[in-house]
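Here the structure is laid out as structure tokens; the discussion comes afterwards.
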Amino acid sequence: MEREDADGALDSWAQFCTLSNELLAGDGDLAVGPRLAPVVGDLCTRGLATLVRDYFLHSLEETFRNHAVKKFWQHFHPYCSASTVDRIKFCVKEHWPEEILSKALEDICLERGYQEKCVLVLVQVLQSYEDRMPRKKIKEVVCSSSLMPRYQLMVSSVLLTTLPLSFPDILNIYFKKKLEELNSIMAGSYESDQLVDHEPFQRSNTSDWHSGMDIDGSEVSENSSLVKNIGKVVRDLRCIGFTSMTEDAYSSAIIWLLKSKVYELAGDDYRVSVLWCVKKWIQAVPLQFLHALLTYLGDSVDHGSGSSGLKSPLASRPSSFPGIGVPSEALVRWHMRLEYFAYETLQDLRIGKLFEIIVDYPESSPAIEDLKLCLEYTGQHSKLVDSFISSLRYRLLTAGASTNDILHQYVSTIKALRTIDPTGVFLEAVGEPIRDYLRGRKDTIKCIVTMLTDGSGGSGSGTGNAGDNLLEELNRDAENQENADYDDHANIDEKQAWLNSESWEPDPVEADPLKGNRNRRKVDILGLMVSIIGSKDQLVNEYRVMLAEKLLNKSDFEIDSDIRTLELLKIHFGESSMQKCEIMLNDLIDSKRTNSNIKTSLLKSSQTVPGQEEAEVSHDVLDATIISSNFWPPIQIEDLVVPASVDQLLSDYAKRFHQIKTPRKLLWKKNLGTVKLELQFDGRSVQFTVAPVHAAIIMRFQEKSSWTSKALATEIGIPMDSLNRRISFWTSKGVLTESAGPDADDRTFTVVDSMSDVNKDSIVNERMAEYQMTEEEGESSVASVEEQLKKEMTVYEKYIVGMLTNFGSMSLDRIHNTLKMFCIAEPSYDKSLQQLQSFLSGLVADEKLETRDGLYLLKR
């Protein structure tokens, strides 16, 4: 009996194998189902249901692998086996890989579709057996419902295990090409009507796009036909188990297209905001495409369609998109993803060009505003700090950049980053390398003072109001911040204060804990500039020297702009710090009044005294600047013998001053001031504005036309080397000619006979002549801050040498503290650490001291 059962089982198994092979053959017949039912039923009755399922699936796998899979990958073999150069040739083909991809997917989907029908045949047979037989008589659970999922898993597994490495590249190329084509169709009218004109979406346009992208399977436009073809490829790829790979491919293509669009719109023009245009383009092209694609694939599900009744967190997103209506959750997620990538891409692009953007500030304000919005969205402020500091160190903080350029860039950086981060947290990090570098430059203080007072608005392009200096701009800015701060606290009610407290956020982790939030709200540009120097006293001293130089070289008494600057400085530094500067300006005001009185008095005297000879030089040509020397910086004094006529003029002026201002007397600094000269040559004349020493030189040539350098130096009372340096001004203008003198170390200078000997290029106006003279000689009427410091510190040189003799070597801090401790008598030591370091550096340069490992010791 058992042998008969075994023979029956073998016969049923043989019939099952034969019918299965017949069903799965290349020209298989689905009509074998009725004949297969009793055989499968018999095998299931014998408890062989699992064997039946496994054998059938194994047969399907072998058939699928040997026929469909092998044929599918053969379509892509030419590209996969080609070299890198040959693959580029494939990419430029017009319809590649669309044609082969569509053909390959069509073939394998047909094969898969037929095999799924075969699976359904077996499923129906097993299901009929389950329905026919009582459950208690079934020896084994059949589970026919698991057949189809197992088959689908088998299909994707076979394809993925045989996947060529280059197939994902083929999919990327396909989606990139199709999306470029779609973009050219959909974005053409948008770019001309929306991006250029910056007009909001027009309802008619969005309606047209919506109808054009509507895919209902019957009537399709050109746009929807293209999307339908793409959707068919996506659907077929999903069917063979490439869902994740497909989504990655068209996602990367969309991201690539978005990145290209951002770069195209942004470019190197920083005067136009592009963020709005990018966001509108996202709604116009990628979201329209994704909406149509998801609708075609059946993935477009509304927020309210969930069966659980739970509200999606994405329901708080915008309720509708132009041309789409209420979006599905999938589309909202795509919108958030694309917007974030757009913000991040534009942010990275602007951060990479931030140095150029700040150079063009404030013309580049739209780019700064875009960057601010991007950083608020992404929160990647640290990326800005790291990138910009790197750019500063390689492009700005170099020996080739002038201090003036560095300072202007620093001011622009402060203004730009104040827009991005009003708290000033990131400005502290970015500005520190600039401040450290500027502290090592000797002309930093002078450049800061010049920038504060030169009337260029603190930028090389003169972006401030006409005639304004950076100080006036900063004063207006401070007033605006004060007013805004007052409004913030005065115009606030209890309810708003409570709302503000609820929206409070802690300071960024990069914030300096020593500075409170309120202090950080106001970015004090002048305070940051002073922090470079280390002390406001140094800045005030430098300003005092520059003001003295400016006032001593004035040819008139117009000081309105200087008074205005002084008043602004008094606001920032206090009246006591600026007292000496105020006295200097008052000296100019008094000088103007005194000049007028003395000239009037001398004129009346010459008219009332009969028989008095008329002066060779009129008193009207003399304007004297009378200074209170105790309040002015040390004046550079040089002996000078002026012509007798000028000396008589000065003497008359001094006598009349003594009569008016008894007992005060004038002490002339004959080497200071300016002289306006008119030189005449055969009827033609040239005007110059020069220093007194230059005037004294050329006026000697009225007495005789030729002088040797030795004789002229003796006559004027200046050293030979000084004469040779000063007289080169007149030879460079073509007024004097130089020739060999009687001795080897002597030269002869002769005045030209006529203007024909003078180069026409040398005929310059007064201002240009004065400018050239100052630039060439580089002389100053006032001792510089460095010279004053060196003179003051010379007193302490003996103390320093004595300390180093006793202790051998000392650090800068120890020398500084020792001087403060012991130098308490007049003159007491009151210098800063930076000033002491500067003086010690001078002693090292003079080879009086040397440094080793940060210690100072006597030079041996």
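The values are calculated or read from the model by the stated rules, or taken from the named source; none is laboratory data. Computed from a predicted structure; not experimentally measured. Please note: Cβ atoms are built from the backbone with ideal geometry, for glycine as well, and neighbour counts cover all protein chains shown. These accessible areas exclude ligands, DNA and RNA; they are computed on the full protein's heavy atoms, side chains included. Shrake-Rupley method; radii C 1.70, N 1.55, O 1.52, S 1.80 Å.
When the criteria are applied in full, Ala367 meets the requirement of being of a type in the set (A, V, I, L, M) and either modelled with pLDDT of 90 or more or closer than 30 Å to Leu287 by Cα (or both). Output yes when any residue across the range 121-137 is β-branched (Val, Ile, Thr), modelled with pLDDT of 85 or more and outside any loop (DSSP other than H, G, I, E, B), and no when none is. The answer is no; no qualifying residue exists. For the range 138-150, a residue qualifies if it is among the hydrophobic types (A, V, I, L, M, F, W, C) and at pLDDT below 70, and the qualifying residues are Ile138, Val141, Val142, Cys143. Answer with yes or no whether Thr714 is under 59 Å from the mean Cα position of the chain (by Cα) and either surrounded by fewer than 16 Cβ atoms within 10 Å (Cβ to Cβ) or outside the structural domain of Glu638 (by the TED database) (or both). No; evaluated as a whole, the condition is false for this residue.
Here Glu847 meets each of (1) more than 28 Å from Ser535 (Cβ to Cβ); (2) part of a helix (DSSP H, G or I); (3) modelled with pLDDT of 80 or more with one exception, condition (2).
Listed here are the residues, each with its yes/no results for (1) of a type in the set (A, V, I, L, M); (2) modelled with pLDDT of 85 or more.
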| position | (1), (2) |
| --- | --- |
| Ile215 | yes, no |
| Val227 | yes, no |
| Asp269 | no, no |
| Cys277 | no, yes |
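Which residues, taken from the range 658-685, are open to solvent by 90 Å² or more (accessible area, probe 1.4 Å), among the polar types (S, T, N, Q) and not in a helix (DSSP H, G or I)? Result: Thr662, Gln680. Looking at the range 378-391, is at least one residue in a loop (DSSP other than H, G, I, E, B) and free of Cβ contacts under 8 Å to residues at least 60 places away in the same chain? Yes; the residues of the range 378-391 include at least one that is in a loop (DSSP other than H, G, I, E, B) and free of Cβ contacts under 8 Å to residues at least 60 places away in the same chain.
Within the range 392-421, being charged (D, E, K, R), open to solvent by less than 40 Å² (accessible area, probe 1.4 Å) and more than 12 Å from the chain's Cα centre (by Cα) holds for one residue alone: Asp421. The set of residues in the range 375-391 being within 13 Å of the chain's Cα centre (by Cα), open to solvent by 40 Å² or more (accessible area, probe 1.4 Å) and farther than 13 Å from Arg350 by Cα consists of Asp386, Ser390. What residue, among those in the range 629-657 that are open to solvent by 40 Å² or more (accessible area, probe 1.4 Å) and assigned to a loop (DSSP other than H, G, I, E, B), is nearest to Leu585 (Cα to Cα)? The residue in question is Pro634.
Criterion first (in contact with a Gly (Cβ under 9 Å, 6 or more places away or on another chain), under 17 Å from Tyr55 (Cα atoms) and modelled with pLDDT under 90) does Val155 satisfy it? The answer is yes for Val155.
Summed over the range 816-854, the residues that are touching a residue at least 40 places away in the same chain (Cβ under 8 Å), over 15 Å from Thr794 (Cα atoms) and either basic (Lys, Arg) or buried (at least 16 other Cβ atoms within 10 Å of the Cβ) (or both) give a count of 1. Filtering Ile254, Ile230 for residues that are assigned by the TED database to the domain that holds Trp334 and touching a Pro at 6+ places or on another chain (Cβ under 6 Å) leaves a single hit, Ile254. Among the residues of the range 339-357, are any among the basic types (Lys, Arg), outside any loop (DSSP other than H, G, I, E, B) and either modelled with pLDDT of 85 or more or in contact with a His (Cβ under 7 Å, 6 or more places away or on another chain) (or both)? Within the range 339-357 (the criterion being among the basic types (Lys, Arg), outside any loop (DSSP other than H, G, I, E, B) and either modelled with pLDDT of 85 or more or in contact with a His (Cβ under 7 Å, 6 or more places away or on another chain) (or both)), the answer is yes, since at least one residue qualifies. Checked against the criterion of being in a strand (DSSP E or B), open to solvent by 40 Å² or more (accessible area, probe 1.4 Å), within 20 Å of Ser618 (Cα to Cα) and in the same structural domain as Gln648 (by the TED database), the range 693-705 contains not a single residue that satisfies it.
Of all the listed residues (Arg271, Arg238), the sole one being outside the structural domain of Val158 (by the TED database) and assigned to a loop (DSSP other than H, G, I, E, B) is Arg271.
Glu779 passes every criterion in (1) under 51 Å from the mean Cα position of the chain (by Cα); (2) at pLDDT 85 or above; (3) open to solvent by 40 Å² or more (accessible area, probe 1.4 Å) apart from (2). Considered as a group, the residues in the range 230-282 that are among the polar types (S, T, N, Q) and open to solvent by less than 60 Å² (accessible area, probe 1.4 Å) include one that is nearest to Pro366 (Cα to Cα), and that residue is Ser273. Scanning the range 521-545 for residues that are closer than 26 Å to Ile414 by Cα, open to solvent by 20 Å² or more (accessible area, probe 1.4 Å) and not in a loop (DSSP other than H, G, I, E, B) yields Gly527, Leu528, Val530, Ser531, Lys536, Asp537, Gln538, Asn541. On inspection, Thr737 does not qualify as out of contact with any helix residue (DSSP H, G or I) (no Cβ under 8 Å at 6 or more places or on another chain) and either modelled with pLDDT under 85 or not in a loop (DSSP other than H, G, I, E, B) (or both). The condition (being modelled with pLDDT under 85, open to solvent by 30 Å² or more (accessible area, probe 1.4 Å) and in the same structural domain as Leu19 (by the TED database)) is satisfied by just one residue among Lys103, Lys93: Lys93. In the set (1) modelled with pLDDT of 85 or more; (2) assigned to a helix (DSSP H, G or I); (3) in contact with a Phe, Trp or Tyr (Cβ under 7 Å, 6 or more places away or on another chain), the condition left unmet by Leu182 is number (1). In this entry, Gln288 passes the filter for residues that are in contact with a helix residue (DSSP H, G or I) (Cβ under 7 Å, 6 or more places away or on another chain), touching a residue at least 12 places away in the same chain (Cβ under 8 Å), on the phi < 0 side of the Ramachandran plot and not small (Gly, Ala, Ser). For Lys760, the criteria (1) crowded, with 16+ Cβ neighbours inside 10 Å; (2) modelled with pLDDT under 80; (3) of a type in the set (Lys, Arg) hold in every case but one, which is (1). Taken together, the residues in the range 37-82 that are of a type in the set (S, T, N, Q) and open to solvent by less than 70 Å² (accessible area, probe 1.4 Å) amount to 4.
When the residues of the range 717-728 are filtered to those that are assigned to a helix (DSSP H, G or I) and among the aliphatic types (A, V, I, L, M), the one that is surrounded by the fewest Cβ atoms within 10 Å (Cβ to Cβ) is Met720.
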